[in-house]
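Chemist: To start, I am sharing the structure in question, which I have written as structure tokens.
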Amino acid sequence: MARIHETRGDTGRAPTDFMGLRMMRKSPLLEEAWQYWTSLRRGAELPRRTAMDPKAMRHILGHSMILDQVRPGTVRVRLGGHVMTDLMGMDVRGLPVRAFFDVVDRTRVTDLIEQVFETPATLELDLISEGADGIVTARMLILPLLDTAGRTTKAMAVIVTDKVVTDAPRRFAVTNGTLVPLAAPITSDDPRRRLTDHDLPIEVMATGMAEDPAPFETKPSPVPWLRVVK
């Protein structure tokens, strides 16, 4: 059974100050991706796509891709490492990011990825895929980036699988997700803190926005473990 992990919003302080507030990650590669992205921030400002250095990303480059929000609702892969190529069995440049997910999850995942750009927010997804070579589990981390005009239309996505995939293409179902808005934190008893009413087990904490964020436009979830963690 999937479960919700309690997370807190980003404080906007220097990277070393809020490392303890980040999502818990099992993979050293995801941790390195988080730390690199964080190191590029200047205060609360998001990193710029142009500031990313492939040499500095040498350990995570093969697991990474750059996402491009072409327009609201359409996010495509701009660049992708060899792990993505192995998963899909083809060059992933130009593919819509929804192609990595099972058909039944695509609408819900697209809604979540949109929040990465629009809020902005970080998104972490726990994934599972069943194929000829058995079950593969994975974790994907999506971190927003600024384009040259200072808009949040880019993102870095990093995926780590529990084993090498040899039976491409692989598409994943989402078993858990954590969406964390990047803004000043609020207290746990603040009424603005909410969990979206969503089919996936997603925990979302609204953090210090001028207005309450709009909830996802989805049907109420019948899943009993979909709850607010206080």
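The values are calculated or read from the model by the stated rules, or taken from the named source; none is laboratory data. Predicted model only: the values in this text are computed from it and were never measured. Note that we place each Cβ from the backbone using ideal geometry, even for glycine, and neighbour counts take in every protein chain shown. Heavy atoms of the whole protein, side chains included, go into the accessibility calculation; ligands, DNA and RNA do not. Shrake-Rupley method; radii C 1.70, N 1.55, O 1.52, S 1.80 Å.
Chemist: Highest first, please rank the peptides 38-51, 164-177, 104-117 by the mean number of other Cβ atoms sitting within 10 Å of their residues. Provide the component values of the computation, followed by the final result.
Modeler: Details: 38-51: 14.6, 164-177: 16.9, 104-117: 19.0.
Ranked from most to least packed, the peptides come out as 104-117, 164-177, 38-51.
Chemist: Apply the Karplus curve 6.51 cos²θ - 1.76 cosθ + 1.60, θ = phi - 60°, to the phi angles in segment 80-85 and return the couplings in whole Hz, x for Gly and Pro.
Modeler: x, x, 5, 5, 5, 4
Chemist: Got a number for carbon plus sulfur as a percent of segment 47-116's accessible area, 1.4 Å probe?
Modeler: Roughly 52 percent, rounded to a whole number.
Chemist: Charges on Cβ only, +1 for Lys and Arg, -1 for Asp and Glu, centred on the Cα centroid of segment 77-134; of 77, 121, 87, which one is farthest towards the dipole's positive end?
Modeler: So the residue furthest toward the plus end is 77.
Chemist: Let me ask you something else. Using a 1.4 Å probe, what is the accessible area per residue for segment 85-182, in Å²? If you can, show how the numbers build up before the last one.
Modeler: Values: 3670 Å² over 98 residues.
Solvent-accessible surface per residue comes out at 37 Å².
Chemist: Answer rounded, prolate or oblate for segment 110-166, using the Cα gyration tensor with square roots of eigenvalues a ≥ b ≥ c: rounded when a/c is under 1.5, else prolate when a/b is larger than b/c, else oblate.
Modeler: Prolate is the answer for segment 110-166, as a/c is 1.5 or above and a/b outweighs b/c.
Chemist: Could you give me the ³J(HN,Hα) list for segment 40-51, computed from phi with Karplus coefficients 6.51, -1.76, 1.60 and θ = phi - 60°, whole Hz, x at Gly and Pro?
Modeler: For segment 40-51, the Karplus curve yields 8, 7, 10, x, 8, 6, 6, x, 9, 4, 5, 7 Hz.
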